[in-house]
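The structure appears below as structure tokens.
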Amino acid sequence: MVSRGLICTDNARALEWLKRIGYYRPSAYFIPFRVPGADNFQPGTTLDQIIDLYTFDCNLRLLVMRAMDRIEIAVRAVATYHLRTIWASSDMQTRETSRQAITTAS
């Protein structure tokens with residue numbers, strides 16, 4: 001990455017970061033910092049900028065997942081309540097029909 005123009009002020013941090021998440025996962029985050037039509041980074045691009053973008057994306061993904069979880073729970077609760085209401089009225093009709101059949105047979 002450094003050979004392609006990326007500024008890395010802390011090699012130990014860069015190595016630790018790449019060991020933790022690999023090289024190919026953050027490669028999508030390199031794209032906005034590349035020279036169009038080339039494999040080099042734009043002048044002045046730092047690894048810290050790429051890490052910041054990656055961290056922002058991770059945090060955004062967590063926020064979206066939390067919101068999706070809340071929406072899923074709310075939809076399930078509404079669906080369960082609605083279906084239980086339908087099934088309960090159906091169950092009551094079945095009980096009434098059974099009761100009438102028993103009293104008629106007696």
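Report the net charge of residues surrounding R76, where surrounding means a beta-carbon distance below 14 angstrom and charges are Lys +1, Arg +1, Asp -1, Glu -1. Write out the running numbers ahead of the final one.
Details: positive: R70, R84; negative: D69, E72.
Counting the neighbours of R76, the net charge comes to 0.
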Ordering 72-82, 31-41 by per-residue average of other C-beta atoms within 10 angstrom, highest first, gives 31-41, 72-82
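No lab work stands behind these numbers, since they all come straight from the coordinates. Model, not experiment: these values are computed from the prediction. All Cβ positions, even for glycine, are placed from backbone atoms using ideal geometry, and neighbour counts span all protein chains on display.
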